[in-house]
Ligand code: AMP
């Protein structure tokens, strides 16, 4: 695996060493890599000819400074794992490399209502920050295929929208969420949880499963109340627990079976913010 710090070096390498007919795949990450990230790399290895991983802890997408400061960094371990996975290239851009233009504030992406609901509502500016980083990566790396995780469901929609806004022809591959044995969605932030907290945090997924099982016969709002009561009794603080249509993220209060739906949750366990989601297939055709 070749490690680059500058986009121009990566571009030079691709231009000179990678056959233009080969498909370039990009897996953007913020590091502290876990098996969820590895599955994206493996998907990329399978589908693309040249796999590029990026690691950049993007300050612009953190609306909470403490969260940014405490974001886990395990670069040496990440590099070792990526080499083992036979990732072809790793780009480690600096802040200046990512944001050479000093007028950061001026840019605004027209994300519509996606910006103001769920993650957007509770993390103002978050998706603008995500778009800043992803746009720069897409422009500099120019991949044919982009691999992202369903774990960040709303982010997947935002990135789809960004690709449209950029007028780029990039295939988007959304990979399933990898989980710990107890069902907890893998996340870099899990490194900040103790063993006991990880057990408690697994109740997030259990609540999603509980709602999924009952939603075709019981009222969502009642199920939501029951799930929140249960999670809060275990010491979690639920920020939101919502039901939406999976294709456009329109928030709804009832599952009608006519569309694929998704249940989305964000909750704090002590200082650590965790998100997860669960798809519910449609039953009527
Ligand atoms: P992050 O480093 O958290 O920004 O994540 C980088 C990419 O990995 C994003 O596309 C995430 O959606 C994806 N990802 C994070 N956690 C998981 C997981 N548990 N399973 C699959 N993909 C994940």
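Values as computed for the structure displayed
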{"quantity": "Test: residue in segment 154-166 that is part of a strand (DSSP E or B), in contact with a strand residue (DSSP E or B) (Cβ under 7 Å, 6 or more places away or on another chain) and more than 25 Å from residue 73 (Cα to Cα)", "calculated": "no"}
{"quantity": "Candidates 13, 109 - the one that is farther than 24 Å from residue 275 by Cβ and either part of a helix (DSSP H, G or I) or touching a helix residue (DSSP H, G or I) at 6+ places or on another chain (Cβ under 8 Å) (or both)", "calculated": "13"}
{"quantity": "Any hit, segment 143-163, residues being away from the ligand (no atom under 14 Å from the Cβ) and within 18 Å of residue 31 (Cβ to Cβ)", "calculated": "no"}
{"quantity": "Near pairs, Cβ below 6 angstrom, 6+ apart or cross-chain, from segment 138-150 (more than 15 Å from residue 162 (Cβ to Cβ) and modelled with pLDDT of 95 or more) to any residue that is outside any loop (DSSP other than H, G, I, E, B) and more than 16 Å from the ligand (Cβ to nearest atom)", "calculated": "144/24"}
{"quantity": "Count of residues meeting criterion [under 22 Å from residue 172 (Cβ atoms), over 17 Å from the mean Cα position of the chain (by Cα) and in a loop (DSSP other than H, G, I, E, B)] in segment 19-76", "calculated": "6"}
{"quantity": "All positions within segment 230-257 that are over 26 Å from residue 283 (Cβ atoms) and in contact (Cβ under 8 Å) with a residue 40 or more places away in the chain", "calculated": "239"}
{"quantity": "Qualifying residue in segment 82-89 (condition: in contact (Cβ under 8 Å) with a residue 60 or more places away in the chain and closer than 20 Å to residue 155 by Cβ)", "calculated": "no"}
{"quantity": "Number of the condition not met by residue 76 [criteria: (1) more than 11 Å from the ligand (Cβ to nearest atom); (2) farther than 27 Å from residue 161 by Cβ; (3) surrounded by 15 or more Cβ atoms within 10 Å (Cβ to Cβ)]", "calculated": "(3)"}
{"quantity": "Residue count, segment 16-45 (criterion: closer than 28 Å to residue 62 by Cβ and either touching a helix residue (DSSP H, G or I) at 6+ places or on another chain (Cβ under 6 Å) or away from the ligand (no atom under 13 Å from the Cβ) (or both))", "calculated": "8"}
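Residues checked against (1) modelled with pLDDT of 95 or more; (2) within 24 Å of residue 132 (Cβ to Cβ); (3) crowded, with 19+ Cβ neighbours inside 10 Å:
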{"position": "19", "(1), (2), (3)": "yes, no, no"}
{"position": "22", "(1), (2), (3)": "yes, no, no"}
{"position": "26", "(1), (2), (3)": "yes, yes, yes"}
{"position": "46", "(1), (2), (3)": "yes, no, no"}
{"position": "103", "(1), (2), (3)": "no, yes, no"}
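The values are calculated or read from the model by the stated rules, or taken from the named source; none is laboratory data. Model, not experiment: these values are computed from the prediction. Cβ sites come from the backbone with ideal geometry, for glycine too, and all protein chains shown count toward neighbours.
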